[in-house]
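Below: one structure, written as structure tokens.
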Amino acid sequence: MANLNAILGPGMLVRHPDQPAWGVGQVQSNIDDKITVNFPDEGKVVIDGTRIMLMLVGSAS
């Protein structure tokens with residue numbers, strides 16, 4: 001299984017698979033498997049990309 005987290009970059013829109021109530025978040029950064037995402041209903045969250053596989057929704061334009 002490919003690590004799709006590796007392609008995530010600033011501006012991309014994602015969902016947390018275990019926290020659907022957080023809504024669609026925007027990736028702020030992705031450095032060394034630490035992915036910072038700003039979720040509208042949870043705020044800024046740092047995700048451990050080695051443990052959680054975020055779901056890509058799209059990119060903000």
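Read the figures in this text as sums done on the coordinates, not as results from a lab. Remember, predicted model here, so these are calculated numbers, not experimental data. Here the Cβ positions follow ideal geometry from the backbone for every residue, glycine too, while neighbour counts run over all protein chains shown.
What to note about this one:
- Across the range 4-55, the relative contact order, built from alpha-carbon pairs under 8 Å that are at least six residues apart, equals 35 percent.
- Counting 0.36 nm for each residue step from N38 to I52 and taking away their Cα separation leaves a gain of 3.5 nm.
- Cα-centre dipole for the chain with unit charges at Cβ (Lys and Arg positive, Asp and Glu negative), debye to 20: 80 debye
- Taking other residues whose beta carbon is less than 12 angstrom from the beta carbon of G23, and scoring Lys, Arg as +1 and Asp, Glu as -1, yields -1.
- Inter-label distance for V24 and N3, nm, one decimal - labels placed 7 Å from Cα along Cα-to-Cβ: 2.7 nm
- Cα coordinate range in the chain, projected on the principal axes (Å, largest first): 28, 26, 18
- Among the trypsin sites (Lys or Arg not before Pro) in the chain, those located in a DSSP loop and surrounded by at most 15 other Cβ atoms within 10 Å of their own Cβ are R51.
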